[in-house]
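K.L.:
This is the structure I want to talk about, given as structure tokens.
The values are calculated or read from the model by the stated rules, or taken from the named source; none is laboratory data. Not measured: the values here are computed from a predicted model. Don't worry about glycine lacking a Cβ; one is built from the backbone with ideal geometry, like all the others, and counts go over all protein chains shown.
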Amino acid sequence: KAGVTQTPRYLIKTRGQQVTLSCSPISGHRSVSWYQQTPGQGLQFLFEYFSETQRNKGNFPGRFSGRQFSNSRSEMNVSTLELGDSALYLCASSLSAAPGGYTFGSGTRLTVV
Amino acid sequence: AQSVTQPDIHITVSEGASLELRCNYSYGATPYLFWYVQSPGQGLQLLLKYFSGDTLVQGIKGFEAEFKRSQSSFNLRKPSVHWSDAAEYFCAVVPNQAGTALIFGKGTTLSVSS
């Protein structure tokens, strides 16, 4: 079956712009989580959605937001981009609300110039 | 502070030699424990996980990990490394049974020499 699909794979944006990243989970998976990966901070949890509800949120500013649609697809949005937002953004999906069993996508590489 | 520590930033192992990657956590209760691998430009692949029960966990690609409560450790092992194992390895925890967010260590980069 198809894995977790993230689009686009690469993105270049200018400071101050906003960006929307998309994640299509594995069919049947209802939980979608987002992580930011940078060389300095490593992998950090952004937020998690389950059945269209945000269930958990990491320690990121309000410029980072997300949502999940009824088909479990998820988007994350970053407004007023800063250079420090340059990162690999990873999406993970899971079948249930319980932890574990996450399948990660290949990520979206965002570069802010 | 609560954290996940991978003490080794970079390890080089000869092909065919054994491997052990260290992971320590500092959480009060036994968390859920995971090991992930990431190849360059790719996402994370789950190698194995520990929730409870037998403290020796078998995973994919010939990897295993042992949970030691007394040492708050969850070290990853492989008896014979292949060149294709070169990648970055991340230990992760879900701190408690009520949570779902993965907390990652900083990772260990494995190089394999011929």
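K.L.:
Name the residues in the range A:45-63 that are closer than 25 Å to residue B:107 by Cα and surrounded by 18 or more Cβ atoms within 10 Å (Cβ to Cβ), would you?
P.N.:
The answer is A:45, A:46, A:47, A:48.
K.L.:
Any residue at all in the range B:70-81 that is more than 22 Å from residue B:110 (Cα to Cα), at the interface with chain A (Cβ under 10 Å from one of its Cβ atoms) and not in a strand (DSSP E or B)?
P.N.:
No: zero hits.
K.L.:
Same structure, new question: Criterion first (farther than 23 Å from residue A:40 by Cβ and among the polar types (S, T, N, Q)) does residue B:75 satisfy it?
P.N.:
yes
K.L.:
Can you find even one residue in the range B:35-56 that is within 11 Å of another protein chain (Cβ to nearest Cβ) and in contact with a Cys (Cβ under 9 Å, 6 or more places away or on another chain)?
P.N.:
Yes: one or more hits.
K.L.:
Within the range B:9-56, how many residues turn out to be within 13 Å of residue B:88 (Cα to Cα), small (Gly, Ala, Ser) and surrounded by 12 or more Cβ atoms within 10 Å (Cβ to Cβ)?
P.N.:
Adding up the residues that qualify gives 2.
K.L.:
Now a separate question. Scan the range B:86-95 and tell me whether some residue there is more than 13 Å from every other protein chain (Cβ to nearest Cβ) and either surrounded by fewer than 20 Cβ atoms within 10 Å (Cβ to Cβ) or under 23 Å from residue B:2 (Cα atoms) (or both).
P.N.:
yes
K.L.:
Given the residues A:11, A:21, which is the only one that is away from chain B (no Cβ under 11 Å), crowded, with 18+ Cβ neighbours inside 10 Å and either in a strand (DSSP E or B) or out of contact with any strand residue (DSSP E or B) (no Cβ under 7 Å at 6 or more places or on another chain) (or both)?
P.N.:
Result of the check over A:11, A:21: A:21.
K.L.:
Here's a check for you: in the range A:1-38, which residue that is among the polar types (S, T, N, Q) and under 12 Å from residue A:102 (Cα atoms) is modelled with the highest pLDDT?
P.N.:
A:33
K.L.:
Identify, from the list A:28, A:16, the residue that is over 17 Å from residue A:104 (Cβ atoms), more than 10 Å from every other protein chain (Cβ to nearest Cβ) and part of a loop (DSSP other than H, G, I, E, B).
P.N.:
Checking each option against the conditions leaves just A:16.
K.L.:
Something else about it: Assess whether residue B:112 counts as being touching a helix residue (DSSP H, G or I) at 6+ places or on another chain (Cβ under 6 Å) and either in a strand (DSSP E or B) or away from every other protein chain (no Cβ under 12 Å) (or both).
P.N.:
So residue B:112 passes the test.
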